[in-house]
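> Structure in structure tokens, see below.
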């Protein structure tokens, strides 16, 4: 009797394990950020954006460094400066920060708009690649990794690498 109970429990555990594997393999997860960064199409779009906006970022980076140096200089020299000199330097720094933030925000707005426009060229072929991989793997559903709210996702259901391969193969 004891042997029969152990055998039944073993079969039940084995059945649950196999059932969980079957259910898990009916689902797929894709990391779209990774698809956009690692696929050839995504890398081309990123290079295009970098060439378009790279020259405009350099002066902003230089200005940020200059502002930090001014702030450090003020902190270093503050004990030696008169109150009016400190106020004048603080105003100069505040004005430069305000101008920097305005220019940075304008550039960021343009970059985001350009990224969204580039996404329109990438997302449709990426969806086609996802559909092709899902059909080939016999998946019932595919979820985007960052959007599903899961705290843990088993690597067995991650089809991102296959999607990148499929996308690269179909967009050459």
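> Residues in segment 91-105: is at least one over 28 Å from residue 53 (Cα atoms) and either assigned to a helix (DSSP H, G or I) or touching a strand residue (DSSP E or B) at 6+ places or on another chain (Cβ under 9 Å) (or both)?
First, the residues of segment 91-105 that are over 28 Å from residue 53 (Cα atoms): 91.
Retained after the next criterion (residues that are either assigned to a helix (DSSP H, G or I) or touching a strand residue (DSSP E or B) at 6+ places or on another chain (Cβ under 9 Å) (or both)): 91.
So far as segment 91-105 goes, yes, one or more of its residues are over 28 Å from residue 53 (Cα atoms) and either assigned to a helix (DSSP H, G or I) or touching a strand residue (DSSP E or B) at 6+ places or on another chain (Cβ under 9 Å) (or both).
> To continue, here is another question. Just the residues that are closer than 23 Å to residue 161 by Cβ and more than 17 Å from the chain's Cα centre (by Cα), please, taken from segment 108-127.
Here is the first cut: in segment 108-127, the ones closer than 23 Å to residue 161 by Cβ are 118-119, 121-127.
Answer for segment 108-127, where residues must be closer than 23 Å to residue 161 by Cβ and more than 17 Å from the chain's Cα centre (by Cα): 121, 124, 125, 127.
> Let me ask you something else. Pairs, please: C-beta under 6 Å, at least 6 apart or cross-chain, first residue farther than 18 Å from residue 113 by Cβ and in segment 40-53, second in a helix (DSSP H, G or I)?
40/168; 41/122
> Same structure, new question: Looking at 143, 152, which is the one that is within 18 Å of the chain's Cα centre (by Cα), more than 20 Å from residue 54 (Cβ to Cβ) and surrounded by 14 or more Cβ atoms within 10 Å (Cβ to Cβ)?
143
Each reported figure results from applying straightforward, stated rules to the coordinates on display, with no laboratory input. As the structure is a computational prediction, the values presented were derived from the model and not from experiment. Positions of Cβ are backbone-derived with ideal geometry, glycine not excepted, and every protein chain shown enters the neighbour counts.
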